[in-house]
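Colleague: Below is one structure. I have some questions about it.
The values are calculated or read from the model by the stated rules, or taken from the named source; none is laboratory data. None of the values given here were measured: they were computed from a predicted structure. Positions of Cβ are backbone-derived with ideal geometry, glycine not excepted, and every protein chain shown enters the neighbour counts.
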Amino acid sequence: MPNAPGAPCREHFPEALRQRNEPAPTVTSNPKMIDPAKLFAARVPRYTSYPTAPHFHAGIGEADYRAWLAGLPPGEPISLYVHIPFCDTLCWFCGCNTTVVNTYSPVSGYFDLLMREMDMVAEALSPGHPVTHLHFGGGSPTLLSPQDFLHLNRHLRGLFAIAPGAEIAIEIDPRGFTGDMAQALAEAGVTRASIGVQDCDPAVQKAINRIQPQEVTEDAVRLLRDAGIHALNIDLIYGLPHQTVAGLERTIGTVLELGPDRLAIFGYAHVPHFKKHMALIPESTLPVTAERMDQAQAAEAMLIASGYVPIGIDHFAKPGDSLAIARRLGRLSRNFQGYTTDSAPALIGLGASSIGALPQGYVQNFADVPSWRSTILRGALPVAKGIALSGQDRARRAVIERLMCDREVDVDAVAKNYGLEPGTFDAALKNLEEFRRDGLVSICEGKITIPPHWKAATRLVCAMFDTYLDPRIHKHAVAA
């Protein structure tokens with residue numbers, strides 16, 4: 001669907017402007033231009049997968065997963081994700097699958113069964129798959145003792161071939177992080193650490209039950225670098241209770257002094273109907289949609305001015321970082337850990353609640369540890385649900401991933417690549433007409449482009465291609 005007659009393609013944002021990250025021109029539109037605050041209050045998925053996890057179902061089980069694993073072509077690269085679902089305190093903003101523990105015994109018992117799951121997965125795989133990416137997530141993976149982490153790493157390396165130059169990443173909670181753990185990570189070959197900060201303001205920290213003095217974060221950074229782990233990411237969140245633009249800018253200024261290679265600045269998703277502990281955060285303390293948008297825009301402006309390259313909708317990286325290079329070359333990918341350089345055709349999840357993404361479809365383990373444990377103890381892979389991909393699913397996934405990564409996609413080319421009929425995406429393009437009229441997208445001969453100054457609309461644009469999404473069911477976070 002081309003632009004309206006007489007309207008030039010991509011009229012609001014020439015390619016040179018996008019590449020230079022220069023300030024956006026003023027958007028001109030009709031007098032009935034949509035209200036941004038109302039628009040971005042819509043609830044849409046984060047699109048770390050397509051179809052998204054709420055549409056996984058119990059019709060996909062262990063037999064399917066075993067067949068999918070065995071069907072991976074020998075020698076094809078894979079990625080591994082290892083989930084450690086434990087923390088020692090509950091952060092009220094957290095949407096992850098995790099359990100608070102007061103003793104180490106639940107972690108130790110989980111650790112033993114995790115190695116059994118690894119054994120079963122390795123046995124089900126056809127041989128000869130180099131692991132090009134390995135990610136430890138949680139929860140708090142560093143809640144493992146240094147000895148157990150090294151034991152887990154040795155067991156994993158005995159089962160899977162870690163490729164030379166593989167990225168091995170881990171999520172870090174700086175609170176309680178020690179020099180012994182930093183040395184264990186280095187010995188295990190960890191190449192990148194992602195450090196949770198969220199916000200440096202004590203009032204915000206108190207409101208989300210995550211007290212983390214700046215010295216704690218600084219000590220973790222120092223210990224990691226002393227151990228030889230220099231590739232660091234820092235995670236921040238906007239839209240938190242009592243958060244302001246000025247306060248977020250102070251937080252960013254503080255963490256920039258640490259010199260991270262990457263920053264992720266996520267919008268807080270307040271979903272107390274899904275995560276009951278979020279009800280401990282009064283909605284009256286949360287910034288409204290317009291304030292969230294102001295925070296996100298201020299954060300981006302500050303980071304770009306500091307030399308960071310915007311990646312997708314919520315990541316930033318130094319120009320020489322592999323993520324920025326992948327973005328520049330059009331090789332950026334997106335998975336359940338966010339934006340990545342990982343191009344392996346299969347991501348295998350290990351641990352409770354973990355999700356695997358294979359060419360045939362998605363599988364998710366039981367989220368609750370007791371069900372996950374009992375399934376492993378009877379010798380079965382702990383698959384709770386999943387979804388098989390149709391040809392339409394694969395094509396729509398490709399469209400959504402390119403929009404999320406590049407803010408640009410040629411839907412006609414995607415349809416052709418996946419053997420679909422011309423006009424497959426005409427309904428979605430028609431639904432985007434109001435966005436086109438108001439300058440949120442440009443559509444030219446099947447090519448969709450989202451300008452930098454409307455980056456926040458990316459998930460809304462993706463939702464037009466989501467045939468599973470029911471807008472009446474509010475399972476997702478607001479768009480802004």
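Colleague: Please go through region 271-287 and give me each residue that is outside any helix (DSSP H, G or I) and surrounded by fewer than 21 Cβ atoms within 10 Å (Cβ to Cβ), ordered by number.
Modeller: Val271, Pro272, His273, Phe274, Lys275, Ile281, Pro282, Leu286
Colleague: Next question, about the same structure. Can you name the helices (runs of 4 or more DSSP H) wholly within region 315-418 that have at least 3 residues being in contact with a Gly (Cβ under 7 Å, 6 or more places away or on another chain)? Break it down stepwise before answering.
Modeller: Numbers: elements: 322-329, 369-377, 391-406, 411-417.
Those helices (runs of 4 or more DSSP H) span 391-406.
Colleague: Right, next: With respect to Ile304, is the statement that it is under 27 Å from Ile400 (Cβ atoms) and in a helix (DSSP H, G or I) true?
Modeller: Answer is yes for this residue.
Colleague: If you take the residues of region 41-86 that are of a type outside the set (Ser, Thr, Tyr) and closer than 30 Å to Arg175 by Cβ, which of them is nearest to the chain's Cα centre (by Cα)?
Modeller: Arg46
Colleague: Among the candidates Gly158, Gly138, Gly128, which residue alone is over 25 Å from the mean Cα position of the chain (by Cα) and modelled with pLDDT under 95?
Modeller: Going through Gly158, Gly138, Gly128 in turn, the sole match is Gly128.
Colleague: Hey, can you tell me all the residues within region 44-91 that are of a type in the set (S, T, N, Q) and either touching a Phe, Trp or Tyr at 6+ places or on another chain (Cβ under 9 Å) or not assigned by TED's automatic domain parsing to the domain that holds Pro130 (or both)?
Modeller: Thr48, Ser49, Thr52
Colleague: Would it be correct to say that Thr89 is at pLDDT 90 or above, in a loop (DSSP other than H, G, I, E, B) and among the β-branched types (Val, Ile, Thr)?
Modeller: yes
Okay, residues lined up against (1) over 17 Å from Ala188 (Cα atoms); (2) in contact (Cβ under 8 Å) with a residue 40 or more places away in the chain:
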site	(1), (2)
Thr103	yes, no
Ser126	yes, yes
Pro146	no, no
His155	no, yes
Ala163	no, yes
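Colleague: Now for a different question. Among the residues of region 444-451, is any touching a helix residue (DSSP H, G or I) at 6+ places or on another chain (Cβ under 6 Å), at pLDDT 90 or above, surrounded by fewer than 19 Cβ atoms within 10 Å (Cβ to Cβ) and over 15 Å from Leu39 (Cβ atoms)?
Modeller: Among the residues of region 444-451, not one is touching a helix residue (DSSP H, G or I) at 6+ places or on another chain (Cβ under 6 Å), at pLDDT 90 or above, surrounded by fewer than 19 Cβ atoms within 10 Å (Cβ to Cβ) and over 15 Å from Leu39 (Cβ atoms), which makes the answer no.
Colleague: Also: Within the set of pairs 6 or more residues apart or between chains, which connect a residue that is farther than 22 Å from Ala264 by Cα inside region 179-204 to a residue that is at pLDDT below 95 and of a type in the set (D, E, K, R) with Cβ atoms less than 6 Å apart?
Modeller: Close Cβ pairs satisfying both conditions: none exist.
Colleague: Where residues in region 111-134 are in a helix (DSSP H, G or I) and in contact with a strand residue (DSSP E or B) (Cβ under 7 Å, 6 or more places away or on another chain), which of them is farthest from Leu347 (Cα to Cα)? Explain how you work it out, then say what you get.
Modeller: Taking region 111-134 first, the residues in a helix (DSSP H, G or I) are 111-124.
Next, from what is left, pick out any that are in contact with a strand residue (DSSP E or B) (Cβ under 7 Å, 6 or more places away or on another chain): 114, 117-118, 121.
Numbers: Leu114: 17, Glu117: 15, Met118: 14, Val121: 12 Å.
Top of the filtered list is Leu114.
Colleague: To continue, here is another question. Starting from region 36-65, keep only residues that are closer than 22 Å to Ile387 by Cα, then list their pairs with residues that are surrounded by fewer than 17 Cβ atoms within 10 Å (Cβ to Cβ) whose Cβ atoms are within a distance under 6 Å, requiring at least 6 positions of separation or different chains.
Modeller: Once the first residue is closer than 22 Å to Ile387 by Cα and sits in region 36-65, its partners that are surrounded by fewer than 17 Cβ atoms within 10 Å (Cβ to Cβ) give Pro51/Tyr468; Pro54/Lys475; His55/Tyr468; Glu62/Ala380.
Colleague: On the given criteria, is Tyr81 at pLDDT 95 or above, over 30 Å from Val461 (Cβ atoms) and out of contact with any helix residue (DSSP H, G or I) (no Cβ under 6 Å at 6 or more places or on another chain)?
Modeller: In short, no.
Colleague: Find the residue count for region 59-79, including only residues that are surrounded by 15 or more Cβ atoms within 10 Å (Cβ to Cβ) and of a type in the set (Gly, Ala, Ser).
Modeller: 2
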